[in-house]
Structure formats: structure tokens, C-alpha cells
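First up is the structure itself, then whatever we jot down about it.
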Amino acid sequence: MRDTLKVQGMSCNHCVNSIETSVGNLTGVSSVKVDLGSNEVSVEFDSQKTTLDQIKETIEEQGYDIV
């Protein structure tokens with residue numbers, strides 16, 4: 001499954017690394033791509049192993065807001 005989330009609060013490469021690392025470490029996530037210009041996070045994942053809610057929660061735990 002692939003989904004794109006609108007995320008507020010990202011402004012630098014630290015933000016990119018923080019989200020890509022934390023979400024990328026979730027079981028079932030095969031790719032994470034952060035686009036600072038559009039404030040989007042694209043995630044490809046196995047919905048049998050992780051849920052979109054778990055991905056959103058992980059991003060919010062890093063201090064960012066899902067729009």
C-alpha cells in the first residue's frame with residue numbers, strides 16, 4: 001500500500017532524517033520519502049504488518065502534525 005500524508009512543522013534536513021528514520025524502522029514499511037517543498041511524506045508499506053494510524057502516530061511522536 002502507498003499513501004501520502006500532509007505534514008506540518010518540517011523545515012530542514014534534520015526533520016527529513018527524523019521522519020524517514022523513525023517511520024522507516026516500523027515493521028512492514030518498505031520506503032519513506034519526505035518532500036519539504038510540498039510538506040508531504042510518501043510511505044509504502046505492508047498493511048498486514050503496520051497501519052496508517054501507526055505511521056501517523058510515529059510522525060506525531062517526532063513532533064510534527066498531520067494535516
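The values are calculated or read from the model by the stated rules, or taken from the named source; none is laboratory data. All values derive from a computational prediction rather than experimental measurement. Note: ideal-geometry Cβ built from the backbone for every residue, glycine included; neighbour counts use all protein chains shown. What goes into the accessible areas is simple: the full protein's heavy atoms, side chains included, and nothing from ligands, DNA or RNA. Shrake-Rupley method; radii C 1.70, N 1.55, O 1.52, S 1.80 Å.
Within this structure, G63 fails the test of being open to solvent by 70 Å² or more (accessible area, probe 1.4 Å) and either of a type in the set (S, T, N, Q) or assigned to a loop (DSSP other than H, G, I, E, B) (or both).
Scanning the stretch 38-60 for residues that are touching a residue at least 12 places away in the same chain (Cβ under 8 Å), open to solvent by 70 Å² or more (accessible area, probe 1.4 Å) and under 20 Å from N13 (Cα atoms) yields nothing.
Among the residues of the stretch 30-60, the ones that are in a strand (DSSP E or B) and closer than 14 Å to L5 by Cβ come to 11 in all.
Scanning the stretch 2-29 for residues that are loosely packed, with under 12 Cβ neighbours inside 10 Å and not in a helix (DSSP H, G or I) yields R2, K6, Q8, S11, C12, N25, T27.
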